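Written below as structure tokens is the structure these notes are about.
The values are calculated or read from the model by the stated rules, or taken from the named source; none is laboratory data. In this text, all values refer to a predicted model and were calculated from it rather than measured experimentally. Here the Cβ positions follow ideal geometry from the backbone for every residue, glycine too, while neighbour counts run over all protein chains shown. Note: areas computed on protein heavy atoms with side chains; ligands, DNA, RNA excluded. Shrake-Rupley method; radii C 1.70, N 1.55, O 1.52, S 1.80 Å.
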Amino acid sequence: MQLTVENLHVSYGQIKALHGLGFSIVQGEIVCIIGANGAGKSTTLRAISRLVDAEKGSHMVFEGKDLLKFQPDKVVSELGISHVPEGRRLFGNLTVMENLQLATFARRDRALIKENLETVFEIFPRLLERESQLSATLSGGEQQMLAVGRAYMTGRKMMLLDEPSMGLAPLMMLSMFDALKEINRAGTTILLVEQNARLALKFAQRGYVIENGRIVLEGESRALLENPDVKKAYLGG
Amino acid sequence: MAFFLQNVINALQWGSFYALIALGYSMVYSILMLFNFTHGDIFMTGTYIGFGVATALVALATALSWSMPGWLLLVLTIIIAMFLTSILGVVVERVGYRPLREAPRASAAITGLMIGIMLEYGNLAILGTQRYNFPSIIETVTYDVGGVFFTNKKILIVGVALLLMIALHQFIHKTRWGMAMRAMSYDFQVVPLMGVSLNVIAPMTFAIGSALAAAGGILYGMAYPVLDPFMGILLGWKSFVAAILGGRGSILGAALAGFLLGFIEIFTAMVFPSTFRDLIAYSIILLILTFRPYGFFGQAHSAQLRL
Ligand SMILES: Nc1ncnc2c1ncn2[C@@H]1O[C@H](COP(=O)(O)OP(=O)(O)OP(=O)(O)O)[C@@H](O)[C@H]1O
Ligand SMILES: [Mg+2]
């Protein structure tokens, strides 16, 4: 297992968001977590990135290391987990290039950075065209490309994606998922969180269904797509 | 006309003090959304540190019976005092503000005020009520250009201030730390996801702001050599007003508003009796802020949503 999460509890003040959730991912896999609004999908990713605190008894191990011992920036720079947050959250006051450069802040492997940058521009040629444009002025689709490109530039072993399909036109959505497949084929593990269950299950090899902060169902994507409960609740009957 | 130009030079000099101090408020606000109310007293402490460094250097030069040129003394004093004062800034961030990063902003503001009072009375306790005089550093030369009188010190003050502001601008726009600061000013919650530690960028910002305040303090000491533990209060508050006037978190705004403040003050004093100066000057600023509550370059926006 590359990442194991067990008994994950997270609260926001009085509100309990995750109730002992658990799942695991093998290196190189594409895994998705699907669930309704407020089920706790984003919270799960935030807990892995250490942006929210996990409560006592929670257990997260990444490549044999206790993830809870790492500060948020070290989760990225030392463990190699990058996070594309919900709503993209680009630095709108920085150019496309600066957004990509900032993601390499903690890296010293110059040659590899250059190579990664070329890869990003190969996958998303649009970003190269817009290199010196402020990221706030990009279209929604371009912003999503930059959000993924930026996460790629951190030197990731695993990428956490929070609803990358949000706000994208169908065609753009497909090409985005093609790009993610390509990134995965080159060796990056992908943990995807989506409300768009059909899309996510077609893309991922395995899936988990989350309800009220708990995993209620898990399995091969194909099996979940056929599962009557999943069909009823998430695939529109 | 000559009188007018002379006042322009005075306004630029006061603007330099305000701008250098205002930058520190603005930088810290832009990355942490925090008004650092210790900053005026960091300016005061920086001035005293500058005084100590300059005095020590003069004593050292005398002991070595070497007549150190004034410019070298000034450069050394500024560099060493900026460095030492930046350490104070880092300590204030670490001890005063970092534990309160998740706390309500009012707690941080009150803590900042208290640390400021501690610096003032710490100074009084250690150095006593005796007033110290800033060493002259550079000999005053007065020029007369077509009836406009000005001193070499005034030119130097404005020049050094501008130089430091240009250096800050380059730092913010040309280095990766500067880039991280700019990113933080836009959305500080996402910055750690770039592998950037807030615990590097935040102290660095305090360090730079404090160093600039120290430079301002030394320049101030050159013009007004009598030091006072409470000298940071009024200058601090006025510079804070400049930072607000420039637009919360706007670096360029803080610098420009600092100079504007200098101009408003000096030119009010040109027209009205000097006891009316601040009353009228700050009424004008209040009026400006009524129409531009976010200042010149401030934005109502902020991308500070929760992740
Ligand atoms: N910052 C916060 N403060 C308080 N409660 C929060 C906060 N963020 C999330 N919650 C609550 O935690 C629960 C899980 O939220 P989360 O954002 O993880 O859901 P989600 O599955 O990502 O939903 P969506 O599909 O709408 O993005 C919800 O009940 C939500 O209201
Ligand atoms: Mg969400």
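Residues are listed down the side, and each one gets a yes or a no for (1) surrounded by fewer than 23 Cβ atoms within 10 Å (Cβ to Cβ); (2) among the β-branched types (Val, Ile, Thr); (3) under 27 Å from residue B:101 (Cβ atoms):
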residue: B:189; (1), (2), (3): yes, no, yes
residue: B:199; (1), (2), (3): yes, no, yes
residue: B:206; (1), (2), (3): no, no, yes
residue: B:228; (1), (2), (3): yes, no, no
residue: B:241; (1), (2), (3): yes, yes, yes
residue: B:249; (1), (2), (3): no, no, yes
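Taking each residue of the range A:129-140 that is free of Cβ contacts under 8 Å to residues at least 60 places away in the same chain and looking for partners that are loosely packed, with under 15 Cβ neighbours inside 10 Å with beta-carbon atoms closer than 7 Å, six or more apart or interchain, yields A:140/A:167. Here is a check on your reading of the model: is residue A:105 open to solvent by 10 Å² or more (accessible area, probe 1.4 Å), facing another protein chain (nearest Cβ under 8 Å) and at pLDDT 95 or above? It is true that residue A:105 is open to solvent by 10 Å² or more (accessible area, probe 1.4 Å), facing another protein chain (nearest Cβ under 8 Å) and at pLDDT 95 or above. For the range B:1-54, give me each residue that is at pLDDT 95 or above, open to solvent by 30 Å² or more (accessible area, probe 1.4 Å) and either in a loop (DSSP other than H, G, I, E, B) or more than 27 Å from residue B:250 (Cα to Cα) (or both). Answer for the range B:1-54, where residues must be at pLDDT 95 or above, open to solvent by 30 Å² or more (accessible area, probe 1.4 Å) and either in a loop (DSSP other than H, G, I, E, B) or more than 27 Å from residue B:250 (Cα to Cα) (or both): B:37, B:49, B:51, B:52.
Each row is one residue, and each column tells you yes or no for (1) in a helix (DSSP H, G or I); (2) free of Cβ contacts under 8 Å to residues at least 60 places away in the same chain.
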{"site": "B:208", "(1), (2)": "yes, no"}
{"site": "B:244", "(1), (2)": "yes, yes"}
{"site": "B:249", "(1), (2)": "no, no"}
{"site": "B:262", "(1), (2)": "yes, no"}
{"site": "B:276", "(1), (2)": "yes, yes"}
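Tally time: how many residues in the range A:135-165 are away from chain B (no Cβ under 13 Å), hydroxyl-bearing (Ser, Thr, Tyr) and more than 16 Å from ligand 2 (Cβ to nearest atom)? Here the count works out to 2.
Residue A:61 falls short of the stated requirement of being at pLDDT 95 or above, more than 16 Å from ligand 2 (Cβ to nearest atom) and part of a helix (DSSP H, G or I). Scanning the range A:43-55 for residues that are open to solvent by 10 Å² or more (accessible area, probe 1.4 Å), in a loop (DSSP other than H, G, I, E, B) and either within 16 Å of ligand 2 (Cβ to nearest atom) or without any contact (Cβ under 8 Å) to a residue 24 or more places away in the chain (or both) gives A:51, A:52. In this structure, residue A:180 does not satisfy being in contact with a strand residue (DSSP E or B) (Cβ under 9 Å, 6 or more places away or on another chain), within 13 Å of ligand 1 (Cβ to nearest atom) and within 19 Å of residue A:151 (Cα to Cα). From the list A:191, A:168, A:180, the lone residue that is within 14 Å of ligand 2 (Cβ to nearest atom), open to solvent by less than 40 Å² (accessible area, probe 1.4 Å) and in contact with a helix residue (DSSP H, G or I) (Cβ under 9 Å, 6 or more places away or on another chain) is A:191.
In the range B:162-176 there is no residue that is within 14 Å of another protein chain (Cβ to nearest Cβ), under 22 Å from the mean Cα position of the chain (by Cα), of a type outside the set (Gly, Ala, Ser) and surrounded by 23 or more Cβ atoms within 10 Å (Cβ to Cβ). Taking the range B:23-68 as the range and being touching a residue at least 40 places away in the same chain (Cβ under 8 Å), over 30 Å from residue B:190 (Cβ atoms) and hydroxyl-bearing (Ser, Thr, Tyr) as the test, the residues that pass are B:45, B:47, B:48, B:55. Just checking, does the range A:3-17 include any residue being within 15 Å of ligand 2 (Cβ to nearest atom), open to solvent by less than 10 Å² (accessible area, probe 1.4 Å) and on the phi < 0 side of the Ramachandran plot? Yes, the range A:3-17 has at least one match.
Residue A:174 meets the stated requirement of being aliphatic (A, V, I, L, M) and away from ligand 1 (no atom under 16 Å from the Cβ).
Which members of the range A:90-112 meet the condition of being of a type in the set (D, E, K, R) and either in a helix (DSSP H, G or I) or without any contact (Cβ under 8 Å) to a residue 24 or more places away in the chain (or both)? Selection gives A:98, A:108, A:110. In a residue-by-residue description of the range A:22-41, the property of being in contact (Cβ under 8 Å) with a residue 12 or more places away in the chain and assigned to a helix (DSSP H, G or I) applies to at least one position. Checking the stated criteria, residue A:77 turns out to be more than 16 Å from ligand 1 (Cβ to nearest atom), among the polar types (S, T, N, Q), outside any loop (DSSP other than H, G, I, E, B) and open to solvent by 40 Å² or more (accessible area, probe 1.4 Å). Among the residues of the range A:24-42, those that are open to solvent by less than 10 Å² (accessible area, probe 1.4 Å) and more than 13 Å from ligand 2 (Cβ to nearest atom) comprise A:25, A:30, A:31, A:32. Among the residues of the range A:82-100, those that are out of contact with any Lys or Arg (no Cβ under 7 Å at 6 or more places or on another chain) and either of a type in the set (A, V, I, L, M) or more than 16 Å from ligand 2 (Cβ to nearest atom) (or both) comprise A:84, A:90, A:91, A:92, A:95, A:97, A:98.
Tallying residues that are open to solvent by 20 Å² or more (accessible area, probe 1.4 Å), within 14 Å of another protein chain (Cβ to nearest Cβ) and not in a loop (DSSP other than H, G, I, E, B) within the range A:113-134 yields 2.
Condition check ((1) within 14 Å of another protein chain (Cβ to nearest Cβ); (2) of a type in the set (Gly, Ala, Ser); (3) in contact with a Ser or Thr (Cβ under 9 Å, 6 or more places away or on another chain)) across all residues:
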residue	(1), (2), (3)
A:5	no, no, yes
A:17	yes, yes, yes
A:39	no, yes, no
A:51	yes, no, no
A:57	no, yes, no
A:61	no, no, yes
A:75	yes, no, yes
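The residue that is farthest from ligand 1 (Cβ to nearest atom), counting only those in the range A:57-74 that are in contact (Cβ under 8 Å) with a residue 24 or more places away in the chain and farther than 16 Å from residue B:195 by Cα, is A:63.
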